[in-house]
Structure formats: structure tokens, C-alpha cells
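Heads up: the structure comes next, in C-alpha cells.
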Protein chains: 4
Amino acid sequence: MKSITQNTSSPNSLSKPKADGIRIGMIGAGWMGHAHTLAFQNASSMFRGAYGAPELVAIADVSQEIATKAATELGYRKASGDWRAVIADSEVNLVAITTPNFLHAEVAQAAAEAGKNVYCEKPLSTKPEAAKAAWQAAVRTNVVNLVGYNNIKHPAQAYAKELIDSGEIGEIIRISGTFDQDVLLDPAAQFTWRHDRSVAGAGALGDLGTHLISLAQKLIGDFASVSAITRTVVKQRPDPNGSGRMRVVENDDVTLFNVVFANGVIGSLGTSRMAAGRKHALRYEIQGTKGAIAYDQEQMNEIKVYQNVGKSRDRGFAVVPIGPDHKGYSAFYPNAGVGIGYADLKIIEVDELFRAITCGTPVEADFEFGYKIDCIVNAVLRSAAEKTWIDL
Amino acid sequence: MKSITQNTSSPNSLSKPKADGIRIGMIGAGWMGHAHTLAFQNASSMFRGAYGAPELVAIADVSQEIATKAATELGYRKASGDWRAVIADSEVNLVAITTPNFLHAEVAQAAAEAGKNVYCEKPLSTKPEAAKAAWQAAVRTNVVNLVGYNNIKHPAQAYAKELIDSGEIGEIIRISGTFDQDVLLDPAAQFTWRHDRSVAGAGALGDLGTHLISLAQKLIGDFASVSAITRTVVKQRPDPNGSGRMRVVENDDVTLFNVVFANGVIGSLGTSRMAAGRKHALRYEIQGTKGAIAYDQEQMNEIKVYQNVGKSRDRGFAVVPIGPDHKGYSAFYPNAGVGIGYADLKIIEVDELFRAITCGTPVEADFEFGYKIDCIVNAVLRSAAEKTWIDL
Amino acid sequence: MKSITQNTSSPNSLSKPKADGIRIGMIGAGWMGHAHTLAFQNASSMFRGAYGAPELVAIADVSQEIATKAATELGYRKASGDWRAVIADSEVNLVAITTPNFLHAEVAQAAAEAGKNVYCEKPLSTKPEAAKAAWQAAVRTNVVNLVGYNNIKHPAQAYAKELIDSGEIGEIIRISGTFDQDVLLDPAAQFTWRHDRSVAGAGALGDLGTHLISLAQKLIGDFASVSAITRTVVKQRPDPNGSGRMRVVENDDVTLFNVVFANGVIGSLGTSRMAAGRKHALRYEIQGTKGAIAYDQEQMNEIKVYQNVGKSRDRGFAVVPIGPDHKGYSAFYPNAGVGIGYADLKIIEVDELFRAITCGTPVEADFEFGYKIDCIVNAVLRSAAEKTWIDL
Amino acid sequence: MKSITQNTSSPNSLSKPKADGIRIGMIGAGWMGHAHTLAFQNASSMFRGAYGAPELVAIADVSQEIATKAATELGYRKASGDWRAVIADSEVNLVAITTPNFLHAEVAQAAAEAGKNVYCEKPLSTKPEAAKAAWQAAVRTNVVNLVGYNNIKHPAQAYAKELIDSGEIGEIIRISGTFDQDVLLDPAAQFTWRHDRSVAGAGALGDLGTHLISLAQKLIGDFASVSAITRTVVKQRPDPNGSGRMRVVENDDVTLFNVVFANGVIGSLGTSRMAAGRKHALRYEIQGTKGAIAYDQEQMNEIKVYQNVGKSRDRGFAVVPIGPDHKGYSAFYPNAGVGIGYADLKIIEVDELFRAITCGTPVEADFEFGYKIDCIVNAVLRSAAEKTWIDL
């Protein structure tokens, strides 16, 4: 029998923190804080990245008690009831933000001003000026800054972008898209922070529509003007305090908007949180003069591509299984079609983030990107309120 | 061996004209004239209708020569280079109109004024006032009047209407839809009458969008206001006269518009004649508070229906095969899923028309319906030109 | 106003019988007799064929009364309670057979021996020796002979055959296929002739499986050996005479069989008349060394084709809309994707038949083809009974 | 500013090993060893399980060098070139086996005999007698034993099993299924261990078919007899040693087999590693007297279910998005349709394993299950060789 040898940690370990590695301070200990933490723990192993495993330094939530419980469960060394303590922690060099939306920009700005790299869950703000301030702070202190629009990191979207940028589907004419869910279909579902404009900002538009906008921004480019309509279908929902009181829903259940992009493309986008039967219907179709692309995240391991080439009798939308030819996929599986999931998109995003921190490579959804989206949301809401086209 | 007996025509014959039956004068001898004639010949046999086979009396086109050739091929007894002669023919009691769009309303009005029943291919007009005049003439002379919006006659649409009207999918929130084709994707395709505003009226909107509007009108109801954008992607096309000259395309290749319906439903509709890879993509999704309906005419023998009932673990969009439970289908096949085609929609339409003439039953897409659609088209074009919402 | 001119029938008329044209004697006045008659009436008009409209001469059914009623409804001039009278009728030059299965071969043989062209609904027989006799009679008298395997006439199948024969999908490895319906899912559905082996022959295999076999025979080639299993799920069904008595179901509800083809391809085929939720699921996948073809008749206006060429990142099954590039389609519509239906397959079949009669062109599903299929059915049943491979 | 508090590990930590927790010895450091390790690291966090994070104690591969490199990368404390050293390690209480197939049973038996819990990648053996010996060893020493048939752990399959066991889709009539990939479509792809019968056992049948069999075993039950055919399409492949020599492919590229199950259900199963365009096509359709289930792992976040209830006009296959109602899903996401991936199936499997070890709950795919599958594979190969039905 051969001997068994004690393994001594090496600088190349994927599973152990590096001395000069990434040291995380997490602000927000809810579902999304958990999701981020999982991505932190898996990125190095999946991507066999040079950055090594990150160190989970500290976590904050609204009380010391909640934070301590989360630290224990998720594996952070320190806990605090004060998010400023995490930012101030000298061990932390990356602040992750998964608070309710209204706090994003304030925390992000503070972290950037403290010289910490910042990973902020989307949206960057509920008010564009706050997003702008965070962005400018990050520029001033030259920290890595990324907003968690993870859906744009799907290998399918890297492929779509390639098809568009290469001219393979010709001049782009039009985009249609929607992000629909039915999470709030039940009119008896209670009032939550998501219905409170001061906390959540926009409704379906802020929660779901922003993901769709992030894809349009990535794939088509800057928005020039929008014409929108919104509808709040369920106007009051029961107060969760059990008082029997009804509270007024302050934001949109459904928003539809037409767009003219800066490059002349026109588009028709929409979103609903009351779309019966739709669970994660982030869908679009992009039509160009030489081809088209159709995507639906409910079938997230394929993308449909039409190219107007070859024999006409053979032409049709090809149902392309996502695979190693599409950027990001090969970290997960050697063969196409095996099946990535939502969590894997967060891992791809975190890989981009960690590489940016350790190697200085660029990130796609930086704070400028996040700010643009917040401006678009704002313009859409204004357009709906004023019943007119709004320029960006 | 038993004897073989000479069959003597009877009043119930499905294949022989009845003395008091339908006697057709066709105006327009192109592809659509042929399509109508086929539907005339099949309706009685498919529906085993009380109306018997129609008599093909006369056909007109732009010249006597063309008309005579068509009469021979299609089986009409008389031919004329003058459409007024067909209307004036005392044998004719139903005038069918398949001319280019700009002539529809004028011919329809003349036929109605002559007391003839009228079957007019869509759209009823290229100008709403002309449609209105035709409609009012038909009302005055009390003739049967029908515009050929055959897609609303699909058994799937009868079923969708039932689901909506019964409240089974709840209060309707939103409709999204498109009618896309790629017939004009090639920028080198020649200029035709379809690009000439004076002949065709609107472009994609008039040719395709009107079908989508007819479905929205049927399923959701009256439009209250619209906000639109149009785009002409290929601005000039080669003159078909071979001169090498380019002619200016005068109407829309793509049109997108948001809608508020009179009942508060909101919608997002669009159409393109340059949608790469789309051949007959007449698609919609209607979302209600208790369910949803999704349809795509490229898979015209099924419709997807979500009903928010039963065990939640079992819920999903049901892919319902069109069958005898859906109005109109059983004339064709005893079992579901056998496969109806486009031509069958025209047969269902003609059955409705023939029953209206012989039994006085109502028609769905009468001239008032056609007039409403023409008004909507007009409002959409104005909205796009003026960049503002237009009320109907 | 221009004059209107009386049209005089010409030799090129699509809608009037030609003097030397096709003169039909129909044997069987049920649903399928009606379906054939519709195809007879439409073929000339759709295909603008040189053969002109056929003359509907005579029809027979089991009684003079039934035949006379059918003659009136369908437009045949003569009627008889004796099928031999129709064959003997000197005016008839094409005998169409839509009787119950067990009579097909006997009538077909008699018609062929009388020197009449024969169009026999599938299957050609319920016993291969009878099919062989009919085939040999047709060869002796040199009449046109065709078995109604209309599904092989779908433009999609002409395209599939092209892809296979050209080598574009490489050497064929394997075919999988099924033809499933749920028409007999209900165990309380009454006993009919379809359950009576002496009348119907095989059950699901004879009714549905034969269509699947016809596609495999067309696309892959001759069968060399089969290994099968059958199952009769509902062993007794109520006698339709209302006696309350149960009658024994004598044939298969489900049949599965593996195949080795003469060219070495292997296959797995199956059929069920108790396949819950399946309405017309005639499906196959053919896999070759360079590509694959997948078809499902429930979406009969598309076919999925994979070709292992081009950039690997772009590869996927192309959902090809059936269109003018696929043989037979252009008779119906100028553009792809418009939507043909089941009845159109019969029209394509009848066009092939009429051209064969008038122009001497070959037919695909001749009696030899029909005989081969009957031999395969027989071998499958023997294989299931003997639990062993059976060579053909 | 509130203070930040040092977190001290607690017994409930999801991210830190428990004193009495799971201590893993991994045998095999390839792709699958990595995949297992990821699942080990994520299970506790996803399932918030009582078992805590496992300790990665030791890893073995064919040489000390390879093992040491893997230990470093994957985070194991010790490394060895001898798998027996890992089994002998007193710190290890769970042995994971990801070696080439031919070694599985030997290592599994040795681990079981050493009193270690065993997690063996599928198949359990390449020869049923070896699988039986491993199974019996595990029974004797009463250790937890699980074979990595992870596809049966998909929440969709838990749901399918529920539908079947509850009788909701009636008496099961038939299963059809296939597991197809095109990984070896290229005839120039080199010879690997997968083509060597002594190392891999069966070809497509062993690699892919076993997954399909595992689903049939779970959902339908024990196999009673099989009739099979196999085909090796590419008979020789280039030796990877670069000699230019060709090596004979010793096992099946395609296998098709019919099955009779012990409960009378009949089935038609197949598998190919040369199925052009298919990437992970693990598909089946199960038909019962009251409904049907259709699944395709290429769209792994949905399953199609037909239930023959409700109004007939509304019936169709429901496309059910996998969600919290389906067992295992809710560990990942609160809402349906978010998208699990292949790796998540391994996490569900590992959760079952860890719970079995710490709480004594049962596992589904134990060594008896694995042994049954190996017997079926053996019977299928014998049936193909002997061209006869083989009973199990």
C-alpha cells in the first residue's frame, strides 16, 4: 500500500484564500446575501481562477442578532448590526450590497468613498442622482464597481452580442422583449416593501423590467427616448401587520414601453409581476436585416438564431444548445446542453468581479451601466405619468 | 349484381347550386380571387350547409382578356373588364371583392348601393371615411356585409373568446402581440404596389397589422388610444420597370404601438414585413387575473392556455390541440389535432357568409368592424407622425 | 361601362371535366369517401393541372339507399348498393376504394382486372397474399394503382427524402418513430369494427402504425427483420348493440417493434390508440452521421433539421417552416409558413394520381408499396406472437 | 457606529465541519471528482442541513503527483497514489468513488468491507456479479451505500413518480425513452477508454443508457425481459498514442431495446452516442390510462403532463415549470422557473447521502438499485448478441 501524504496549502489552491486575495464584507443577510455567498464560494473552484477562494470577513444586517445568526450560517467571521462597520473594517477589500433597493446607492457610495471595491445588487438606486453619486465616487477612488445584472452574464447573451457586433444578423431593426412573472397574481397577497415606492422604487419595472433593460442596453445600446404606459391592477393589498387594514400599492404591476435607441433601432418592451403562468419569462426577439435572435429564460439552456444564409429550403430558427462555444459555459461543463442554472449566472458574474479586482480586467455592468438603467426607469415612469415621449 | 341508379339532383345537394341560392360575382382575379373561389366551392361540402353550392356567375378584372382567362380557369360563366358590369349583373346576389386595397371601399359601396350582398377582402379601405361610406350604404340597403378578416374565424380564436367572455381567465390585464413576416427582408426586392401609399395605404401595418388588430378587436374590444412608432428600413426599392431607377418606399416596414382599450386593458402590438425567419408569425399573449392565452399561427393547430386552478404542482400552460370542441373545427375532422390549414379559415368565413345570406344569421367582421380597424390604422399612423398618443 | 361576356368552356378549364378526363367510381360513402371526393374536386384547381376537373360518375355503398343519399350529397351522377356495378360501369375509368379495410384488396383486384385505374385507401389488405394478388392484377392490366398513404405526400417528407438521398445528413444510423392517438383511451368506448380482427386486421398497428411504416419505407427503405411486442390494454368493450354484452377486443392497442432495415439502419417504432393526450402524433427522428431530421405531425407546418456544418457555436436543430422550397407546397401558397392541413395531403396525393393517369408519370405508393407494408404488419404480428425476430 | 463582533463557530454552522460530521475520502481526481467535491461543498449551504459542511480529508488518484495536485486544487488535506490508503484512513467515514467504471465495484466493495459509507459514481460495476458483491458487503457492514444516478434526483422525477404512484395518470401502459448525445459523432474522434469493453463495459448503453434505465426503474419498476439490438457505427478509431494505428471499438454506439416490466408495462428504450444535434437528450414519455408525462432533459426546468380531466376543450399537455411544489427544488429558489442546472442534481443527491449518514434516512439509488441496473445492461447485451428475448 502506498503512503498517504499530508497536503500543504499552496498559492495555487482554488479552495483556500490567498494572502493578497479577496476579503468580503457583506451587507444584507437575506436570500440574496446567501446567493452571493454561494457564488463567492464556487467561483474559484468553477473557473479555477488565479484569484483563489475569497475570505468571508464580515456581514451586517439590521441588528446584531440577525447578523450574527447569518455569519454563523454563511461562514463570515464577524458580524454587525451596522453596515458602516463592515465598510470601515480594514480587513475588507470588497463590499457586497444586498440590502433593500432604496439603500443600494447610499451604501455603494460610502463603500466606494472608503476605497473599497463594490459589488452592488441591482438596481444601483431608486433615484438616478443617487446612482450618479455612487458612480462618481467609484470613479474618483478608482475602485472596481459592479451592479448585479447577472442575466447579461449568461453565455447565451455573450453569443447574442457576438452575433450582433459581428454584423452576422445584419443591421438591427427591432427588439421586442418582456420579463414576466406571476409572483403577485394573487390579489390577496400581502403588501410588502416591493409595493412601497419609497423603499422599492418602481414595481414590476424596477424588479423585473430592469433586467430586461440591462439586456437591451447590452445588446442594442443606449436608449434615446421612451413612451410608456403603466398599470396597477391590484390597487390595495392587505397590510401584513394583520390589522385587516388595506395599504395602497404605490407602483406598477405592469409596464409597457416603446423605445427609440440612439442607433435608430426601435423596440417594444414590457414587464409584469401579474403574468399568469409565467415564472421567469425573460424573453426577447431581436430582428436584423440578415437574421434574428430569440431567447426565453424559461428555456435557459438554448437560444434560437435565424441566419438568412445557405439554401433557402434549409432555413429556420436554429435551436442552439448553450455550450462550450459560448463564453462562460466551459467553466461548468465540457459538453453542450448539460444544463446551467440561475446560480451559475451569479458565479460567472462573480468571476468577472474577482478577475477585475485581481487582474484589472474590465467589468461590463459597472456603475455607469447601472446609472443608465436607473435613468431609463425614471424616464419610463415620467413618460407614463405625462403620457408623452421622454428623451434620455 | 345489383343495378346502378341514375342520381337526380335534389334540393339538399351539397354540390349543386340551389335555385334560390348564392350567385357570385367576383371582382379581382388574382391569387386572392382564386382563394375565395376555392372557399366558395368547398364550404357547402365541408359544412354540409343548407345553402347548397354557390353559382359562379361572373368575374371581372382590369381587362376583358384577363377576366376571360380567369373565368375559364376558375369556372365563372361570364367575364368582364369592368367591375361595374359585375355589380350590375342581375344574376349576381353576392359581390366578392379581391382588388388591390385602394379600390375595396369604392367597390364595396357601389355593390351595397346596388343591393348586393358584399364580401370584401381586408382592409375595407385605405381611408376610414371611405370605409364608413361603404358601411352606411350596407346598412341602408340592408345587405349582408363581411370583411375578410379570416384569422378571427380560426376555431382557436372562438375558443379564446369563450375563455375571455366566460371570465375563466379573469379580468384581462394585458395583450401583447405581433404579426411578423420576412417577405420583404431582401433590400433588393422590387418596389410593388404594397410600397405605394396611394394604392396600399399603410405598409406592414395595413397588410399584416390589420390582422393582429382584428384579433385584438375581437378578443379585447374597442381601442381607446394608441401611441405608435413606425420605421421604414429600406427607404428605396428598384422600380420593377427595369429602368434601374429607385422608387421611394412610402409606408412602414415595421410599426410598434401601445394601446389602451376602452375597458382599461393595455396592450403592446407590433408588425413587421422584414422580420427575418418569421413566415406567418401572428402571435399574441393575453394575460388575465386568473389565466392566460398564448397563440402563434405558425403552430396553428394548437393554442396554449394557462388556468390558475387545480393543484399548484400541476399548473402550466396547456398546449391545447384544436379539435371538435372548438367552434368550426368539426366541419373538417372528427378528431382533434388532425390539422387544419389557412384555406380552411377562409372556408369557415365563407360558411358564416353563406349562412348570413340564406338564414339571416349575423356575421362577426361586418363593415362596422372593418371601419373600426381602418380608424385604428389611421390613428396609429397619426400617432407615429405626431409622436403623441391619439384617441379613437 | 364595359360589357360582360359569356364565358365558354375551354380545354384548359380547371373546373370543368375534360372529354378524355378522369371519371370516378367511388366505392364507400363514409367519411373517407367524402374526404376523397373533396380532394378530387380541389386538385385541379390547386395544381392548375392539365388533367382538368374529374367527373364524379358513380358511387356505391352497402345499400342503394345509402348510396343514393351519398350521391346526392357528394355530387355523383349514379348510385348503387353493389360495388361491382361501379367497377362494371363503362363510364368509370378510376375506381376509388374507401370501404372497410377487409374489402380493400378484393375490390382493388376486381377493379384492376376490369382494367380500371385504382385508388385504394390504406391498407391495401388485411392479408398480404390478397394485397399481392391485387398488385399482380394491376401489373397485368397495366393500370395506375395507388394506395392512400397520404402522409408520405407531405412536402416535409419530400424534403426529408431529399436530405437523406443527397447524403446531406450522412449515412443513416437509426430511426425512431411513433404514431400515437388517444381515440380509444376511454375503456368504456364501444366495440367497433376496428376491434374485430376479421374486418380491420391489426389494431393500432393497422390503423396508425401503417402510416408510420409507410414513412419508414419511403425514407429508409426495405425492412429486413422485426422484433415486436403488442399489448391489448382494454380486453373487452361493450357491444354497440346495447345488449350490455361485452365483446373481446381482438387486436392490439399498442405495438412496439425494433427493426433492422436491409441497408443496415436500425429502428425503433411504435404505435398506440390509447396514448393519452396525443391526437395525431405521427413523429420520427432520423439520425445520420452528418445530421438529423425530427418531425411531428402535430406541428405539421415545420420540420426540424440538424446539419453538422458551419461554425459549431451556431449549430442546432433548425425549425424549418414548410414552404415553396418543399415539393407540393407551392400549389397552395406562395410563401412559407402559411399553413397546410391534412386535407391538403390528400390533394397532393390525388394530383399525383391524376397526373399518373393522364401523363403516365409514376406514383410512389403503388400496390407493390402497399403489399410491402402489409407484409411488414404481418411480420410484426407474428414476431409478437412468437416472441422472436421475424425476417421479411 | 455599532461595533462589529467576532463570530465564533457554532454547532449549527452550515459552512464549517461538525466534530461528528462527514469526513470524505475521494478516489478519483478527474472531472467527476471535481463535480462531487463541488456538491459536497454546496449541499449544506443549499439545504441548510443539520449535517454541516463535510471535511475533505483525503484524495487518491493513480499517482501521488496527480493526487497531490488535485488535493491542492480541490482542498483535500491529504493525497495518495493508492486508493487503498484512502479507504484505510481512519479519519475518513465516507468514500467517494469517481474512478473509471471498471474499478467502481472493487473499490466500493473494499470501502464497504472497511466499514466506510460509500458513494459510488454510476455504474456500480461493469459486471453484475461484482456489483452484487459490493452490495452484499454494504449490507453486511450496514454502511450507507449510494450509486450516483443523479438524474433520478431531479425534482421533475419526484413529481413524475408522485403522479404515477398516486394513480393520477391511471394504469401505466407504456414508456418510450432515449438518452442521446452526439459526443462521438465525429468518426475521426480518437479511441478512448470509453471504447474499451474491459474498462468501460458497455458503450452508449453503459454511459448513457444506464441513466435512462435508472429513470425507468424508478418510475415504472423492475424489468422482466428485454429484446435488444446494438450497432457499432464507427468500427475503428485512431489510437490516441499517435501511432496512426486504428483500434477496434469494442462496444455499442447505439442500442435499442424493448422491455416488458414485471408489472406488465411495455417499453421501448434507446440510446446513442452518435445522435447528431442531441446534447443531453434524456427524454421519455410515459402513457397511462388517465394521463401521460413527457420529459426532455434538454429543457430540464419543465415537464409536460397530460391529465384526462376537466372540460375536454381545455385539455392538453401542461408545460409545468419545475418549482417549489416539486421535491428538492425549494432548496434552491423560492419561486418556480428560476432554473436549476445539472450540478444542482448532484447537490440533491449529496443531500440525500449526507442525511442518510447523519440521520439514518433511506437512499433511493442504493447498491441494490445499482446492481439491478447492471443486470439489465447485461441482459440487453446478451439479448442483442443472441437475437432473442432475455428474462431478468
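Values quoted throughout were computed directly from the atomic coordinates according to the rules given, and no laboratory measurement underlies them. The structure presented is a predicted model; accordingly, all values stated were derived computationally and were not measured. A quick note on method: Cβ atoms are made from the backbone with ideal geometry, for glycine too, and the neighbour counts reach across all protein chains shown.
Label points for B:VAL248 are taken 7 Å from Cα along Cα→Cβ. From this copy to the others they lie 5.1, 7.9, 8.5 nm apart, shortest first.
Against the empirical 2.2 N^0.38 Å (N residues), the protein assembly as shown has a Cα radius of gyration ratio of 0.97. Over chain C, the hull volume per residue, using the convex hull of the C-alpha atoms, is 176 Å³. The stretch B:70-185 gives an Rg/Rh value of 1.08, both radii derived from C-alpha positions and Rh following Kirkwood.
So what is the 222 nm mean residue ellipticity for the protein assembly as shown from helices alone, if each DSSP H run of at least 4 adds -39500 (n - 2.57) and you divide by all residues, rounding to the nearest 500 deg cm²/dmol? Result for the protein assembly as shown, helices only: -9500 deg cm²/dmol.
Give the percent of DSSP beta bridges with both residues in the stretch D:152-391 that are antiparallel, rounded to the nearest 5. Write out the running numbers ahead of the final one.
Values: 41 of 48 bridges.
Antiparallel bridges: around 85 percent, rounded to the nearest 5.
Pairs of Cα atoms nearer than 8 Å and 6+ residues apart set the relative contact order; for the stretch B:152-391 it is 26 percent.
Of all DSSP-defined beta bridges confined to the protein assembly as shown, some 65% are antiparallel rather than parallel. For the stretch C:23-150, what proportion of DSSP beta bridges, expressed in % and rounded to the nearest 5, is antiparallel? Expressed as a percentage, antiparallel bridges in the stretch C:23-150 total about 0.
Anisotropy class assigned to the stretch D:206-262 is prolate, per the alpha carbon gyration tensor with a/c at or over the 1.5 cut-off and a/b larger than b/c.
Taking each residue of D:218-226 in turn, how many C-beta atoms of other protein chains fall within 10 Å of its C-beta, and what is the average?
On the way: counts 0, 0, 0, 0, 0, 0, 0, 2, 0.
Going residue by residue through D:218-226 and averaging, the value is 0.
Size of the stretch C:165-301 from its Cα atoms: along the principal axes, largest to smallest, the extents are 59, 31, 19 Å.
Rounded to whole Å, give me the distance from the Cα center of the stretch B:228-247 to that of the stretch A:17-88. If you average the Cα positions of each part, the centres end up 60 Å apart.
Place the peptides B:52-58, B:86-92 in order of packing, highest mean first, counting for every residue the other Cβ atoms within 10 Å and averaging per peptide.
Top to bottom by mean Cβ count within 10 Å: B:52-58, B:86-92.
Of all chain C residues, the closest to the C-onto-B rotation axis by Cβ, with that distance in whole Å, is C:GLY341, 2.
Inter-chain Cβ neighbour count for A:376-389, averaged per residue, equals 1 (cutoff 10 Å, partner chain atoms only). With a cut-off of 14 Å, note down the residues of the stretch C:243-267 whose backbone N falls inside the zone around a label point 7 Å from the Cα of D:GLU171 toward its beta carbon. The answer is C:249, C:253-254, whose backbone nitrogens lie closer than 14 Å to the label point.
Calculate the tail of P(r) for the stretch A:234-392: the fraction of all Cα-Cα distances greater than 26 Å, expressed in %. More than 26 Å apart: 52 percent of the Cα pairs in the stretch A:234-392.
Please state the shape class of the stretch C:57-109: rounded when a/c is under 1.5, otherwise prolate if a/b exceeds b/c and oblate if not, all from the C-alpha gyration tensor. The shape class here is oblate. Peptide D:248-257 shows a mean partner chain C-beta count of 2 within 10 Å per residue C-beta.
When each of the peptides C:229-239, A:140-150 is scored by how many other beta carbons lie within 10 Å of its residues on average, the order from highest to lowest is A:140-150, C:229-239.
Using r as the Cβ-Cβ distance of A:THR361 and A:THR192, and R0 as 35 Å, what FRET efficiency do you calculate, to the nearest 0.05? So, using R0 = 35 Å, E works out to roughly 0.40. Among A:320-331, D:216-227, sorting by the average number of other beta carbon atoms lying within 10 angstrom of each residue, highest first, gives A:320-331, D:216-227.
Reducing the stretch A:130-157 and the stretch C:322-366 to their Cα centroids gives an inter-centroid distance of 59 Å.
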